[in-house]
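Structure, as structure tokens:
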Amino acid sequence: MMVAMRDRRLYESISSTYRLTRRQDKRVASVIHDALGDAERIVNIGAGTGNYEPPDRTVMAVEPSAAMIADRPSGSNPVVQATAEDLPFPAGSFDAAMATLTLHHWRDRWRGLAEMKRVAARQVIFMFDPDEVYRFWAIEYWPAAVSLPSEQNLPRPADLADVLDVIDITTVAVPFDCTDGFGAAFWGRPEAYLRDEVQQGMSWLAQLSEEDLAEGTARLEADLQSGEWDRRHGELRNLDRLDVGYRLVVAER
Ligand SMILES: C[S@@+](CC[C@H](N)C(=O)[O-])C[C@H]1O[C@@H](n2cnc3c(N)ncnc32)[C@H](O)[C@@H]1O
């Protein structure tokens, strides 16, 4: 309960800057939309401001944060204020349920996944694999992030098979110029991690104490100025895309 309340408050505050740095990336969107198959009626769980909602289907959004709901662009799909754990829909209401970059925030991830399966025949989850993402270089600068409550007991993509009938798990390589500033999106553009709005748009940095955030920011800034970051990771600046641990899980009952 504590985690759910904290996360809800988190997105009440993150919402003020969310749309500055969190805009759907078209290349990531096309992978998600392909995975929805020919589903016509879609429910988007933890919908936030509506990133990744397909434009050519009937979409119902589900989002607990009033501030995120208020920040949805005008003309957005209809939205219900609710959590993944208690979806206010009868069984089989949708062809597909999607959840993008939200699973780690759910109070009871297993119950939320079971709810997705109850209300839709197909489930599409865009998530990160904690084993992979925790190898990301930025964790060296803000190591306290791995101890945050939202980062505990995180399911790995393969674990979703405990609840869902998983048919596919795909690696979603993140483009160098990804337009959605999620956790590891700036893997080849380290200077971005110094920017306030970028930090505030990422829950793993936004939840840190001011001290931890400032300490890691100062260390990264110093390493960029001295050339130390480029000595250790500079080859990343030359890559087009990178597997930083993001996965698309598709399941069907
Ligand atoms: C990083 S945002 C992702 C938003 C959107 N899906 C996207 O891809 O931009 C995470 C969202 O999960 C929502 N969330 C937090 N706890 C939730 C829960 N228990 N059930 C459903 N959504 C939740 C937050 O309010 C927030 O809007």
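Since every read-out is calculated from the coordinates, none of them should be taken as a lab result. As the structure is a prediction and not an experimental result, all values here were calculated from the model. Cβ: placed from backbone, ideal geometry, glycine included. Neighbour counts: every protein chain shown.
The table for this structure:
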| read-out | value |
| --- | --- |
| Among Ala61, Val124, Pro175 the positive-end extreme of the charge dipole of the chain (Cβ point charges) | Ala61 |
| Folded to 0 to 90 degrees: helix 210-226 orientation relative to the chain principal axis, Cα | 60 |
| Tilt relative to the chain, helix 2-21 - C-alpha long axis, 0 to 90 degrees, to 10 | 70 |
| Around Ala29: net Lys/Arg minus Asp/Glu count, Cβ-Cβ under 10 Å | -2 |
| Candidates per trypsin sites (Lys or Arg not before Pro) in the stretch 76-154, loop by DSSP, up to 16 other Cβ within 10 Å | Arg135 |
| Debye equation applied to the C-alpha atoms of the chain, log10 I(q)/I(0) at 0.07, 0.13, 0.14, 0.15 Å⁻¹ | -0.23, -0.80, -0.93, -1.07 |
| The chain: angle of helix 26-35 to the longest principal axis, Cα-based, in degrees nearest 10 | 30 |
| The chain - mean residue ellipticity at 222 nm from DSSP helices (-39,500 (n - 2.57) per run, n ≥ 4, rounded to 500) | -9000 deg cm²/dmol |
| Ratio of the Cα radius of gyration of the stretch 2-148 to 2.2 N^0.38 Å, where N counts its residues | 1.04 |
| For Asp129, net neighbour charge (Lys/Arg +1, Asp/Glu -1) across residues whose Cβ lies under 9 Å away | 0 |
| Size of charge dipole - the chain - debye, nearest 20, with Cβ of Lys, Arg +1 and Asp, Glu -1, no other charges | 500 |
| Separation between Cα centres of the stretch 174-223 and the stretch 114-129, rounded to whole Å | 28 |
